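A short worksheet on the structure shown next.
The values are calculated or read from the model by the stated rules, or taken from the named source; none is laboratory data. Owing to the predicted nature of the structure, the values given are computational and were not obtained by experimental measurement. Backbone-built Cβ (ideal geometry, glycine too); neighbour counts: all protein chains shown. Areas reflect the complete protein model, heavy atoms only, side chains present, ligands, DNA and RNA absent. Shrake-Rupley method; radii C 1.70, N 1.55, O 1.52, S 1.80 Å.
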Amino acid sequence: MNDRIAARLEKLRDKMRQRQIDLAIIPHVDPHQSEYMSDHWHLREFFSGFTGSAGTLVVGLDYALLWADSRYFLQAAQQLEGTGIELMKIAMPGTPTINDYITSHLKPGQKVGIDGMLFSVNAYNELKHKLESKGIKLISDFKPADGIWEDRPELPKNKIFIHEQRLCGQSCTDKIAEVLSRANEAGADSTVVCALDAIAWVLNLRGSDVKYNPVFTSFLYLAPKGSTLFIDEDKVPADVKEYLDANGIATAPYTALEEFLLNLPAQSRVLVDPASSSSSTSIWLGDRCVTGDSPISLLKGIKNPVQIQGMIDAHVRDGVALVKAVMEIQKKVSSGEHLTEMGVAKLLSDYRGRHEYYFDDSFGTICGYRGHGAIVHYEADESSDAVLKPEGLLLIDSGAQYLDGTTDITRTISLGNPTDDERHDFTLVLKGHIGLACAVFPEGTRGSQLDILAHLPLWKEGKTYLHGTGHGIGHFLNVHEGPHSIRTNENPVTIHEGMVTSNEPGLYITGQYGIRTENVILAEEAFDTEYGKYLKFRTITMFPIDIDLCDTSIMSDEEIQWMNDYHKTVRKTLSPYLNEEEKRWLDNATRKLSRNSEHIL
């Protein structure tokens, strides 16, 4: 038994009994509905020990359960061992939703406790409606950590800084005007913004409050006659204060939002995005709340020409860094030097960090050797850190935050003697990757309509992967960004010209290996016909795909040609930045792929 977690859960249950609460829900979010957040908000991790970036803990008076998706099935099972917490596998047969579980296990009159600041408007309304239909009461002011988490980290106090217009391509003033214009079309005269990346984008400001994401803890109120940034004022240096003043933006304490919204004039109409805003904001606003999608999400998702060029440039320098890093990794492994998964992650960060535009990694590097590669969001620690050997598959998923763009790339690399099964499965994944990369589609197409292109080669053999195929990527912002996506789940947002997305099908064989090939793709115009505008994808990631893992017997001529064309572009793009030894490595890594496996330059 994990005594530390068990003791925390018992203290929580004592607190629940004092409030006559029968069940508590603890999500892994902050008041900004962030995927990644400062340590202050890691409540679910504190009470469960599970460190994944998604998942929800449900605690009853004599039981506890944790809902996690397929990315974390293996990780969660390991981390929950001995805690008494049961793993609930989302989207698997027999696993109910959290709301369905609650309504089937609680009786009328029983109470569910949540912290309303940690639930979006949508999540709160759905839960409240579901519980009320069964006569179950919802208590929204339950703070599970208060009085239990004694050494809880404080909110970060890192300074914020200006993201120059030469890098982002549009002024703060123009962005605010566009956002308010669209809010007006939705029937509002102002808007409150809770999502941290949306605030950073609108204001052309960045910070370092959240690891890997250059955002800062704040709320933002935008209005024609004066906007207000709610932030710890110690975080605002003099030059940023002067910048905000020049753009008509006042500052107020981070904790002052409630009082501010409660005291807005009765005739105010404030747009609140129900997906990204804390439910508390709509409660405070009452009748003044206008619920609707934030215009910021789409505006931010469609990159302007300056951002697009920055993303392209960032991926070129990222490819150069990766050539140097992977060369060193292969040298160390082949010579028998001691190199572990964590050592690989450090090498990647070190090489990327040599460029002046490097700010941080864009997420924790996933470096999974052999069976660890099958853990979709594996991150090595001291207890799991595997030593690499000149055999087996190594999956590396990593990226960087540069001042002019954000990168995200996954490569599966053979360290020696790949098996027939490894080569076959690698090629199935590659076929799906190429299928999506080559897509041509009419404007107005949704990501769910394209997803089958990546899944189909696997489905034909009864294989699949359960994570999304593609996510939006921010511009020197969050590596996971909406509103668009490519996945089997329906998302009504269509793919627009200028959107940047990942292309990352995979396959995971538990205990043996994981395979994923990920590039970043840019949607751009293909052509116009009498049927309208058509779009295509341009691959902007610049790094070789492992030719030694390709089984050309199951590849079409078009797929082989795509590989050769891609590698020719990679070689031409990166070579000017490499020394002679590095060029030789790149020439070999991008050698011509042919059906008879006779690889020539």
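Looking only at residues in the range 241-290 that are farther than 24 Å from residue 140 by Cα and of a type in the set (S, T, N, Q), which one is most open to solvent (accessible area, probe 1.4 Å)?
If we take residues in the range 241-290 being farther than 24 Å from residue 140 by Cα and of a type in the set (S, T, N, Q), then 267 is most open to solvent (accessible area, probe 1.4 Å).
Can you name the residue in the range 348-382 that is in contact with a Ser or Thr (Cβ under 9 Å, 6 or more places away or on another chain) and in a helix (DSSP H, G or I) and, of all such residues, is most open to solvent (accessible area, probe 1.4 Å)?
372
Yes/no per residue for (1) touching a strand residue (DSSP E or B) at 6+ places or on another chain (Cβ under 6 Å); (2) of a type outside the set (Val, Ile, Thr); (3) at pLDDT below 95; (4) open to solvent by 20 Å² or more (accessible area, probe 1.4 Å):
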| position | (1), (2), (3), (4) |
| --- | --- |
| 8 | no, yes, no, yes |
| 35 | no, yes, yes, yes |
| 44 | yes, yes, no, no |
| 69 | no, yes, yes, yes |
| 81 | no, yes, yes, yes |
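Could you tell me which residue of the range 308-338 is least open to solvent (accessible area, probe 1.4 Å), considering only residues that are part of a helix (DSSP H, G or I) and over 22 Å from residue 577 (Cα atoms)?
Among residues in the range 308-338 that are part of a helix (DSSP H, G or I) and over 22 Å from residue 577 (Cα atoms), the one least open to solvent (accessible area, probe 1.4 Å) is 333.
Using the structure shown, decide if residue 298 is in a helix (DSSP H, G or I), open to solvent by 50 Å² or more (accessible area, probe 1.4 Å), within 20 Å of residue 477 (Cβ to Cβ) and out of contact with any His (no Cβ under 6 Å at 6 or more places or on another chain).
Judged against the criteria, residue 298 is a match.
Taking the range 322-350 only, how many residues are in contact with an Asp or Glu (Cβ under 9 Å, 6 or more places away or on another chain) and among the small types (Gly, Ala, Ser)?
Total satisfying the criteria: 4.
Return the pair list, or none, for Cβ contacts closer than 9 Å from residues in the range 88-104 that are without any contact (Cβ under 8 Å) to a residue 24 or more places away in the chain to residues that are open to solvent by 40 Å² or more (accessible area, probe 1.4 Å) and of a type in the set (Gly, Ala, Ser), at least 6 apart or on different chains.
So the pair list comes out as 96/104.
So, in the range 481-506, of the ones that are closer than 17 Å to residue 311 by Cα and in contact with a Ser or Thr (Cβ under 9 Å, 6 or more places away or on another chain), which residue ends up most open to solvent (accessible area, probe 1.4 Å)?
The selected residue is 482.
Please list, ordered by first then second residue, the pairs with beta carbon atoms under 8 Å, 6 or more apart or interchain, first in the range 341-365 and farther than 15 Å from residue 327 by Cα, second polar (S, T, N, Q) and in a helix (DSSP H, G or I).
361/349; 365/349
When you go through 403, 388, 395 one by one, which is the residue that is closer than 22 Å to residue 513 by Cα and within 24 Å of the chain's Cα centre (by Cα)?
Step by step, each of 403, 388, 395 is checked, and only 395 is closer than 22 Å to residue 513 by Cα and within 24 Å of the chain's Cα centre (by Cα).
Could you run through the range 127-147 and say how many residues are of a type in the set (Val, Ile, Thr) and open to solvent by less than 20 Å² (accessible area, probe 1.4 Å)?
Final tally of qualifying residues: 1.
Among the residues of the range 412-429, are any open to solvent by 10 Å² or more (accessible area, probe 1.4 Å), assigned to a strand (DSSP E or B) and closer than 30 Å to residue 51 by Cα?
yes
Among (1) under 28 Å from the mean Cα position of the chain (by Cα); (2) more than 22 Å from residue 156 (Cβ to Cβ), which single condition is residue 276 missing?
So residue 276 meets the others, but not (2).
So which residues in the range 507-545 are open to solvent by less than 60 Å² (accessible area, probe 1.4 Å), among the β-branched types (Val, Ile, Thr) and more than 28 Å from residue 494 (Cβ to Cβ), if there are any at all?
Across the range 507-545, the qualifying residues are 509, 515, 545.
In this structure, is residue 529 in contact (Cβ under 8 Å) with a residue 40 or more places away in the chain and farther than 22 Å from residue 314 by Cα?
no
Which of the residues spanning the range 199-240 are open to solvent by 10 Å² or more (accessible area, probe 1.4 Å), at pLDDT 95 or above and over 22 Å from residue 277 (Cα atoms)?
Matches in the range 199-240: 234, 236, 237, 238, 239.
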